[in-house]
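Structure, as structure tokens:
The values are calculated or read from the model by the stated rules, or taken from the named source; none is laboratory data. Please read these numbers as outputs of a predicted model, since none were measured by experiment. Quick reminder, even Gly has a Cβ in these numbers, built from the backbone with ideal geometry, and neighbours come from all protein chains shown.
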Amino acid sequence: MRPKNPETTRRCRKPPRPSSISAITNTPAARKRKASKPRDERRTRHTGHHRAVSDTPQELLRATFEQVPELYDRARPNYPPQIFDDLAALAQLPVQARLVEIGCGTGRATLPLAQRGYAITCVELGERLAATAQRKLATFPSVSVINANFETWRPERLEFDAVVAFGAFHWLAPDLRYTKTAELLREHGKLGFVSTAHVLPSDGDPFFIEVQADYEAVIAHDPKTKAGGDRAFYSPPWWLPHPDALGDHSDEVVTNEIETSGRFHNVRARRYLWDVIYTADDYIAVLNTYSHHRALNDEARERLLERIHRRIEARPERTVRKTYLAMLYVAERV
């Protein structure tokens, strides 16, 4: 079943811009600093393990964000403000609504929610990510950040108005996504989550077709770099679908998943499309925050990013234009 009252995709004409990146992890200076570290320390830094995470590929990938919290906070693009307005309207959030945010990261989406006066309990798996979010949100007494695994976390008080997630919901175990969130909500409480994808519209930047050559040159042995790779597990950001095709497919799959859970109904969906212009340094910075790039061994990742950096610098404008699609889903607890 398709979402009720679907809207056409919102094109954000004035997209949020990433902060200027002054420290890139694959520069010669950064490599020299890394080489000077004892081998044991370097190994610990790049494993991505967390005390609450087992060694399955999915759980190791979601722990990679913990490796570079400051870079993650600077490099990742902001969400369009309209997302938060629509979330508030579709979820019918009351003034001073009580929210749980799953996987707040460094608090990039938490901040605009806190500025709306909501009481937010953020549950973040990564210790360093949680610490960064705490510092950012310290001026909001109604916001608390808890360093815990959401799947095993137990709050002292339930009856939340809404549970929200921004780019984190898909990391939850499928058998817990809807049962756990429903247990936290009051009657008719809302679940709202945003998934973000990198897409290539008809007028998109051809760079993302051209850059495939760099991935194949460095990690050609990995079948996931090919067009027919296993995208169900490994959705490479260098393979970019058309926004309409991805949005339609996502609406169908997500709505079916939500309604067959038996815990939620009345699914509403919205889409948002916007561009971000990156310099070579800025784009390498954002790639350094992606879980699948972090999961590469150091040598392969550095060779890959150096090639991509050179490719962007060789362009006449020395920039790349990336198109993002955010998909908002809001459902009501049964």
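Here are THR106, THR110: which of them is closer than 30 Å to THR279 by Cα, modelled with pLDDT under 95 and hydroxyl-bearing (Ser, Thr, Tyr)?
THR106
Residues checked against (1) surrounded by 20 or more Cβ atoms within 10 Å (Cβ to Cβ); (2) modelled with pLDDT under 90; (3) within 27 Å of ARG315 (Cα to Cα):
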{"position": "HIS170", "(1), (2), (3)": "no, no, no"}
{"position": "VAL199", "(1), (2), (3)": "yes, no, yes"}
{"position": "ALA213", "(1), (2), (3)": "no, no, yes"}
{"position": "GLY228", "(1), (2), (3)": "no, yes, no"}
{"position": "ARG231", "(1), (2), (3)": "no, yes, no"}
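Do we find a residue being crowded, with 20+ Cβ neighbours inside 10 Å and modelled with pLDDT under 95 anywhere in segment 248-260?
No, the conditions are met nowhere in segment 248-260.
Can you tell me which residue is modelled with the lowest pLDDT among those in segment 294-331 that are within 25 Å of ALA109 (Cβ to Cβ) and either surrounded by fewer than 20 Cβ atoms within 10 Å (Cβ to Cβ) or over 23 Å from the mean Cα position of the chain (by Cα) (or both)?
Ranking the qualifying residues of segment 294-331, first place goes to ALA295.
Just checking, which of ASP161, ASP175 is assigned to a loop (DSSP other than H, G, I, E, B) and over 18 Å from the mean Cα position of the chain (by Cα)?
Sole residue among the options that is assigned to a loop (DSSP other than H, G, I, E, B) and over 18 Å from the mean Cα position of the chain (by Cα): ASP175.
Yes or no: segment 113-127 includes at least one residue that is within 19 Å of the chain's Cα centre (by Cα), touching a residue at least 40 places away in the same chain (Cβ under 8 Å) and part of a helix (DSSP H, G or I).
Yes: one or more hits.
Here are some conditions: (1) under 22 Å from VAL194 (Cα atoms); (2) assigned to a strand (DSSP E or B). VAL320 meets all but one. Which one does it not meet?
(1)
Could you tell me which of the residues ALA280, ALA300 is among the small types (Gly, Ala, Ser), out of contact with any Asp or Glu (no Cβ under 6 Å at 6 or more places or on another chain) and over 14 Å from ALA197 (Cα atoms)?
None of the other options fit; the residue is ALA300.
Which ones in segment 277-293 are surrounded by fewer than 20 Cβ atoms within 10 Å (Cβ to Cβ) and assigned to a loop (DSSP other than H, G, I, E, B)?
Listed by number, the list holds a single entry, TYR290.
If you check ARG315 against the conditions, is it out of contact with any helix residue (DSSP H, G or I) (no Cβ under 7 Å at 6 or more places or on another chain), part of a strand (DSSP E or B) and among the charged types (D, E, K, R)?
No: the conditions fail for ARG315.
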